[in-house]
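**Student:** Before anything else, here's the structure in question.
Every number here is computed from the coordinates shown, using simple stated rules; none is lab data. Since this is a predicted model, take the numbers as computed values, not measurements. Every residue, glycine among them, receives a Cβ derived from its backbone with ideal geometry; neighbour counts consider all protein chains shown.
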Amino acid sequence: MRVVSLHLGRGPGLPKAAVEELHLVAGMGAEGDRHFGRNPDQAVLVAGTQAYARAAEAGIALPWGALGENLLLEPDPHALGPGARLGIGSALLELTSVCTVCDALSRFDLRLPRLLYGRRGLYARVLQGGLVRVGDEVRILHPPQPW
C-alpha cells in the first residue's frame, strides 16, 4: 500500500488542492485543512484510487481531491477494518469509520453520491503526528477487522 496523492482543503468546496506533503498533528488532523481540529475521530479522510476508478467506469471523470480526501492510497483501504492502524511516513493513523456521502459530490455528477455510497473513503484519527509525503509506503500495524 502506498500514498498516491495528498490534499488540503483550505477553502470551501471540492476538489481539495494537491500538495506534496502533509503535516499531521495528533488529535487534530492535517495542518492547514479546513477540518483541522474539528473532530479527532474524523481528523483525516483516507480514500482509495478504486473510488475514482468506479466513477470513471460510470463515465464520471474526477480530479484527485474531488472526494475530499486528505490521503489517496493504492490499493483500496476499505479492505481494512475499524481500528486498523496505519504507519505512514512518521505519522500513525487509526481508521475509525466509513465516510458518509454528502451532497458536495453532486456538484460533479448527480449519480456520484449513490455510486460511491459506503466506498468514498474512511475517516481516521491521528494517533501520532508526523510528516506524510506522496509515494510513502503505508505500513499496516494492527490486524484489520471486518466493517
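**Student:** With a cut-off of 8 Å between alpha carbons and a minimum separation of six or more residues, what is the relative contact order of the chain in percent? Could you put the intermediate results ahead of the total?
**Tutor:** Numbers: 395 pairs, mean separation 48.6, N = 147.
Averaging sequence separation for qualifying contacts and normalising by length gives 33 percent for the chain.
**Student:** By average Cβ neighbour count within 10 Å, what is the ranking of 37-48, 6-17 from highest down?
**Tutor:** 37-48, 6-17
**Student:** For region 1-59 and region 105-125, what is the centre-to-centre distance using only Cα atoms, to the nearest Å?
**Tutor:** 13
**Student:** Would you compute, from DSSP H runs of 4+ residues alone, the mean residue ellipticity of the chain at 222 nm, taking -39500 (n - 2.57) per run and dividing by the full residue count, rounded to the nearest 500?
**Tutor:** Mean residue ellipticity at 222 nm (helix-derived): -2000 deg cm²/dmol.
**Student:** Among [x] 0.96; [y] 1.15; [z] 0.93, which one is Rg/Rh (Cα atoms, Kirkwood Rh) computed from these coordinates?
**Tutor:** Only one option fits the structure, namely [z].
**Student:** Could you give the nm distance between label points at Arg111 and Thr49, where each point is 7 Å from its Cα heading toward the beta carbon?
**Tutor:** 2.3
**Student:** For a protection proxy built on the mean count of beta-carbon atoms within 10 angstrom, sort 100-111, 80-91 highest first, please.
**Tutor:** 80-91, 100-111
**Student:** Mind giving me the FRET efficiency for Arg10 and Val98? R0 is 25 Å, r the Cβ-Cβ distance, nearest 0.05 is fine.
**Tutor:** Calculated value: 0.50.
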